[in-house]
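Note sheet for the following structure.
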Amino acid sequence: MRRLLLSLLVGATVVAGSTLNAAPTAAANTNPQDDSQPYASYWFPNEILDWDPDTDPDARFNRATVPLQKRVSDPALKANPNARAGEGEVASLVSFAPTSDNPSQGSLDENYYAFGHWQYIDTLVFWGGSSVEGLILAPNPTVIDAAHRNGVKVYGTVFFPPVAYGGKIDWVHDFVAKSGSTYPVVDKLAEVAEYYGFEGWFINQETTGGDAALATEMRNAMTHGRKQGLEFMWYDAMTESGPISWQNALTDANDAFLGSGRKPVADSMFLNFWWSNSELLAESREHAQSLRRSEYDLHAGIDTEANGYHTNVDWDSLFPADESHVTSLGIYRPEWTWKSSSGPADFRERDSRYWVGANGDPSNTATSSPWKGLANYLAESTPVTRRPFVTSFNTGNGDAYHVLGERVHTGGWNNLSLQDVPPTYQWVVSSTGTKLTPSLDFTDAYEGGSTLRLNGTLDATNTVRLYQTQLKVATDTKLSAVVKTPQAGATHLSAAVAFTDAPDTFIPLDLGSTSGTGWERRVLDLSEYAGKTIAQIGLQASASEAVPSYDIKVGQLAVYDGKVDRVTPPTDLTVLGSTDVSASQQTLRLAWTPSAKGTVHHYEVYRRNPDGSRTLLGATPNDAYFVPQLDRVGTETSVTIEVEAVSTEYGRSTAATTTVTWSGTAPTRTNPALDRSANAPS
């Protein structure tokens with residue numbers, strides 16, 4: 001992608017984009033000598049022709065399981081009066097990790113881009129690619145699962161770099177090479193997307209040396225892919241005559257790559273960044289409409305890789321006040337909030353400012369900064385449209401993992417497949433007095449690595465909006481809340497629901513008092529509201545007398561019918577392979593047959609300790625899991641591995657088990673890189 005200033009490339013990897021910074025450095029490898037770790041897939045065009053999921057040992061670990069959820073956006077419930085619903089969409093191009101060595105199912109490291117503002121984006125592009133490693137990059141399943149749970153589509157990336165950064169025009173010819181009436185590489189793109197479970201591909205062709213015939217074949221290849229169900233987003237670089245010439249707009253030179261309403265080629269186009277302070281967007285809108293394409297099929301690009309929310313953006317040309325959005329928005333590298341941060345807490349603060357605004361309140365984006373936050377322009381969407389709905393406010397990372405309030409793993413981890421749907425409104429609090437402060441607390445949790453905490457001075461009724469929803473209530477529907485207080489006594493807290501017939505009016509449902517300082521569940525009967533539809537879920541705190549140091553944790557909120565569902569256990573738990581890292585540490589590749597009955601949210605993998613307790617080794621919604629670290633306890637000669645299924649209502653099955661035997665010997669390792677020279681592009 002074209003930028004005004006050159007950036008340094010770091011290490012031996014050339015990262016996608018003609019003048020881009022390197023992708024984030026690889027996360028620390030707990031077992032640097034272990035070669036059994038499955039990684040996200042990447043290929044050169046001719047390499048992907050040989051890909052077969054039946055022979056690729058990593059393929060099974062790269063499958064997403066969460067289907068794309070329906071989501072809605074009620075304009076009446078938008079947090080910010082300036083925001084608009086149903087107009088411009090957002091595509092976010094994110095580099096979660098380097099092209100290579102990106103663990104398929106997360107890692108033992110809390111420091112990760114655990115994105116939590118899905119309500120403001122529509123498409124996630126898994127950005128990457130390298131002239132050294134591979135040009136075609138498939139998203140790993142953790143990202144797909146998290147995006148799909150929030151109703152967000154996911155695209156992989158096909159990157160043809162500039163010649164200056166290792167690009168070869170032969171790679172483009174390989175990509176569009178025909179066999180009879182088909183395009184074999186594109187056929188493989190469709191096979192990969194279907195097997196791994198994502199929607200399409202972002203095509204970034206910036207290699208010079210093309211001609212009109214090559215450009216035509218590129219369009220034909222995309223048309224062929226769309227007939228197979230693929231979606232494509234085209235980047236504004238290659239023109240119809242073949243050369244690379246960024247238009248920064250939809251013009252006669254590139255509109256054939258978008259196509260017309262009658263003959264579409266790409267589903268959307270990402271316009272290069274230099275449209276600011278001009279009429280280019282307005283002209284692009286008119287041009288799209290003349291082709292019978294929506295102006296919102298065009299994503300005006302902004303580049304925030306280097307400066308994040310300090311980036312200068314001509315927001316008025318894109319999202320004019322009191323007028324319809326001119327086009328959609330394309331964001332390049334919003335993970336600046338992570339890369340520039342000093343740690344997880346700083347990342348979350350920066351990410352909030354980027355998406356919600358400087359006040360940490362999407363309903364109040366007033367600031368002297370030109371960057372008001374995306375919430376100023378975009379109405380929130382929600383995937384919470386059917387029962388059951390359960391959230392434990394788990395961000396998909398943390399420095400410990402909890403199950404039913406018990407810490408079962410100590411140490412950093414990340415796995416976005418386990419992320420709950422984040423609150424729609426982060427954070428909107430109304431009060432006639434002092435506002436309480438909502439936050440995500442990583443020192444404790446009921447399920448996962450984090451929980452919701454409310455604290456401050458409680459001197460008036462506080463209503464905390466959390467989720468926009470579209471949940472119909474049946475005669476046996478219940479709402480449950482799990483809470484924890486510093487001491488036994490009144491919670492001063494109610495669950496709060498608003499229905500579609502009065503969506504701004506919250507009805508409080510008292511949670512009563514606690515009997516101790518542990519986690520306690522309250523189950524509330526919603527049968528009197530049967531037939532209604534819940535439009536919002538929140539919390540309401542109030543007290544007859546001021547509480548100067550109010551502090552409460554909410555570990556889980558759930559809306560479900562009848563009793564909590566349980567699923568049957570998985571079966572045929574098998575160790576596909578193991579690797580001795582040392583005499584006291586192994587890695588494992590596990591697989592099992594999924595639960596035969598019930599709907600599974602995820603499977604939890606444990607080791608049974610000599611004292612009878614259990615330690616969590618990881619979790620996944622998949623039927624295969626890589627255990628990155630199994631530690632030997634004392635002189636044990638074997639260890640029992642257990643896998644249990646967790647339903648979408650968080651009922652747990654009994655466990656499937658298998659036994660792993662310790663060999664007691666450390667592996668012999670050699671380093672083939674010693675005494676060899678190395679070359680790397682500058």
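The values are calculated or read from the model by the stated rules, or taken from the named source; none is laboratory data. A quick note: this is a predicted structure, and the numbers were derived from the prediction, not measured. No Cβ is skipped: glycine too gets one built from the backbone with ideal geometry, and neighbour counts run over all protein chains shown. Protein only, heavy atoms only, side chains kept; ligands, DNA and RNA dropped before computing areas. Shrake-Rupley method; radii C 1.70, N 1.55, O 1.52, S 1.80 Å.
Could you check the range 42-56 and list, in sequence order, the residues that are part of a loop (DSSP other than H, G, I, E, B) and in contact with a strand residue (DSSP E or B) (Cβ under 8 Å, 6 or more places away or on another chain)?
Taking the range 42-56 first, the residues part of a loop (DSSP other than H, G, I, E, B) are 44, 49-56.
Residues satisfying the conditions are Phe44, Trp51.
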> Can you pull out the residues in the range 184-201 that are part of a helix (DSSP H, G or I), more than 13 Å from His224 (Cβ to Cβ) and touching a helix residue (DSSP H, G or I) at 6+ places or on another chain (Cβ under 8 Å)?
Replying inline: Val192, Tyr195, Tyr196
>> Can you find, within the range 389-417, the residue that is nearest to Arg348 (Cα to Cα) among those that are aliphatic (A, V, I, L, M) and not in a strand (DSSP E or B)?
In response: Leu416
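Yes/no per residue for (1) modelled with pLDDT of 95 or more; (2) among the polar types (S, T, N, Q); (3) within 30 Å of Val428 (Cα to Cα):
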{"position": "Thr533", "(1), (2), (3)": "yes, yes, yes"}
{"position": "Leu557", "(1), (2), (3)": "yes, no, yes"}
{"position": "Pro569", "(1), (2), (3)": "yes, no, no"}
{"position": "Asp572", "(1), (2), (3)": "yes, no, no"}
{"position": "Val575", "(1), (2), (3)": "yes, no, no"}
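Residues in the range 582-595 that are assigned to a loop (DSSP other than H, G, I, E, B) and either among the acidic types (Asp, Glu) or closer than 24 Å to Gln419 by Cα (or both): how many?
We begin by selecting, within the range 582-595, every residue assigned to a loop (DSSP other than H, G, I, E, B); these are 583-584, 594-595.
Checking the rest, the ones that are also either among the acidic types (Asp, Glu) or closer than 24 Å to Gln419 by Cα (or both) come to 594-595.
Total meeting the criteria: 2.
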> Is it the case that Ser328 is open to solvent by less than 10 Å² (accessible area, probe 1.4 Å), farther than 23 Å from Pro161 by Cβ and at pLDDT 95 or above?
Replying inline: yes
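Can you confirm whether Glu323 is out of contact with any helix residue (DSSP H, G or I) (no Cβ under 6 Å at 6 or more places or on another chain), part of a helix (DSSP H, G or I) and either without any contact (Cβ under 8 Å) to a residue 12 or more places away in the chain or crowded, with 20+ Cβ neighbours inside 10 Å (or both)? Talk me through it step by step, then tell me what you get.
On the way: out of contact with any helix residue (DSSP H, G or I) (no Cβ under 6 Å at 6 or more places or on another chain): yes; part of a helix (DSSP H, G or I): no; either without any contact (Cβ under 8 Å) to a residue 12 or more places away in the chain or crowded, with 20+ Cβ neighbours inside 10 Å (or both): yes.
Here the answer is no, as Glu323 does not meet what is asked.
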>> List the strands (runs of 3 or more DSSP E) inside the range 498-581, counting only whole elements, that have at least 1 residues being of a type in the set (A, V, I, L, M, F, W, C) and open to solvent by 70 Å² or more (accessible area, probe 1.4 Å).
In response: 520-525
> Inside the range 582-619, can you point out the residues that are over 19 Å from Thr654 (Cβ atoms) and surrounded by fewer than 19 Cβ atoms within 10 Å (Cβ to Cβ)?
Replying inline: Ser582, Ala583, Ser584, Gln585, Pro610, Asp611
> Quick one: is Asn29 open to solvent by 40 Å² or more (accessible area, probe 1.4 Å), in a loop (DSSP other than H, G, I, E, B) and modelled with pLDDT under 95?
Replying inline: yes
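Looking at the structure I just gave you, is Ala460 surrounded by fewer than 24 Cβ atoms within 10 Å (Cβ to Cβ), on the phi < 0 side of the Ramachandran plot, without any contact (Cβ under 8 Å) to a residue 12 or more places away in the chain and not in a strand (DSSP E or B)?
Details: surrounded by fewer than 24 Cβ atoms within 10 Å (Cβ to Cβ): yes; on the phi < 0 side of the Ramachandran plot: yes; without any contact (Cβ under 8 Å) to a residue 12 or more places away in the chain: no; not in a strand (DSSP E or B): yes.
Criteria not met by Ala460.
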> Right, Tyr425: in a loop (DSSP other than H, G, I, E, B), in contact with a Ser or Thr (Cβ under 9 Å, 6 or more places away or on another chain), open to solvent by less than 20 Å² (accessible area, probe 1.4 Å) and more than 22 Å from Tyr332 (Cβ to Cβ) or not?
Replying inline: yes
>> Please determine whether any residue of the range 225-235 is over 26 Å from the mean Cα position of the chain (by Cα) and at pLDDT 95 or above.
In response: yes
>> Among (1) free of Cβ contacts under 8 Å to residues at least 24 places away in the same chain; (2) open to solvent by 10 Å² or more (accessible area, probe 1.4 Å); (3) not charged (D, E, K, R), there is one condition Gly357 misses while meeting the rest; what is its number?
In response: (2)
> So is Val473 in contact with a Lys or Arg (Cβ under 7 Å, 6 or more places away or on another chain), under 22 Å from Asp565 (Cα atoms), modelled with pLDDT of 95 or more and open to solvent by less than 60 Å² (accessible area, probe 1.4 Å) or not?
Replying inline: yes
> of a type in the set (Asp, Glu), on the phi < 0 side of the Ramachandran plot, open to solvent by 10 Å² or more (accessible area, probe 1.4 Å) and in contact with a Lys or Arg (Cβ under 6 Å, 6 or more places away or on another chain), is that true of Glu231?
Replying inline: no
> Which of the residues spanning the range 130-156 are part of a loop (DSSP other than H, G, I, E, B) and either in contact with a helix residue (DSSP H, G or I) (Cβ under 7 Å, 6 or more places away or on another chain) or more than 25 Å from Phe44 (Cβ to Cβ) (or both)?
Replying inline: Ser131, Leu135, Ala138, Asn140, Asn150, Gly151, Val152
> Among (1) farther than 30 Å from Ser381 by Cβ; (2) touching a residue at least 60 places away in the same chain (Cβ under 8 Å), which single condition is Leu539 missing?
Replying inline: (1)
